[in-house]
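The values are calculated or read from the model by the stated rules, or taken from the named source; none is laboratory data. The model shown is predicted, which means the values in this text are computed figures rather than measured ones. Here Cβ is always computed from backbone atoms with ideal geometry, including for glycine, and neighbour counts include all displayed protein chains.
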Amino acid sequence: MNKSTTNFWVDAGLFALLLVTILAATVEILLPCFVHVILGLLLSAGALIHVALHWNWICNAFSRFGKLPPQVRTNFVLNLGLFLTYSAAGSMGLFARSLIGLGPLRHVVGFFHVLLVMGVLLLQTIHLARHWKWVTATARKVFELA
């Protein structure tokens, strides 16, 4: 399997996991359970795998940031924002979970977790839109639709 195909399957898996995590979080509003926490941890692990797969690009872009074309520089900043927002959302979610029994404080932290997740969804949508040509071209190759 070549690098592009590997990236495609990791990204497709992460996208599916994100959707399932959101669905589980929605159900958890009505029925307290830890499913969405476990899925969120898996999503964080998957995000780290994604970063590892793109580490050479990250290092190269960081070292040449000022010389990058505007679109690549924008992608770098978007990706950094996405990583930081994912990290903050996950941290806040785990922190809120640790505050069970502390009532109002847990709800305040949970509220910020939800706001950060909304930021993740916004940034993830922009990220997907900016890479849509790659997604469709790679999907055609993977599924041999070309």
Exercise. Restrict the check to the stretch 118-128 and report whether at least one residue is among the small types (Gly, Ala, Ser) and assigned to a helix (DSSP H, G or I).
Key: yes
Quiz item: Would you call LEU41 assigned by TED's automatic domain parsing to the domain that holds PHE112, over 20 Å from TRP132 (Cβ atoms), of a type in the set (A, V, I, L, M) and in a helix (DSSP H, G or I)?
Solution: no
Quiz item: Of the residues ALA61, ALA96, which is touching a His at 6+ places or on another chain (Cβ under 8 Å) and either farther than 22 Å from PHE15 by Cα or assigned to a helix (DSSP H, G or I) (or both)?
Solution: ALA96
Self-check item: Residue among GLY90, GLY13 that is crowded, with 17+ Cβ neighbours inside 10 Å and part of a helix (DSSP H, G or I)
Solution: GLY90
Quiz item: Does VAL77 meet the test of being free of Cβ contacts under 8 Å to residues at least 12 places away in the same chain and either assigned to a helix (DSSP H, G or I) or assigned by TED's automatic domain parsing to the domain that holds ASN7 (or both)?
Solution: yes
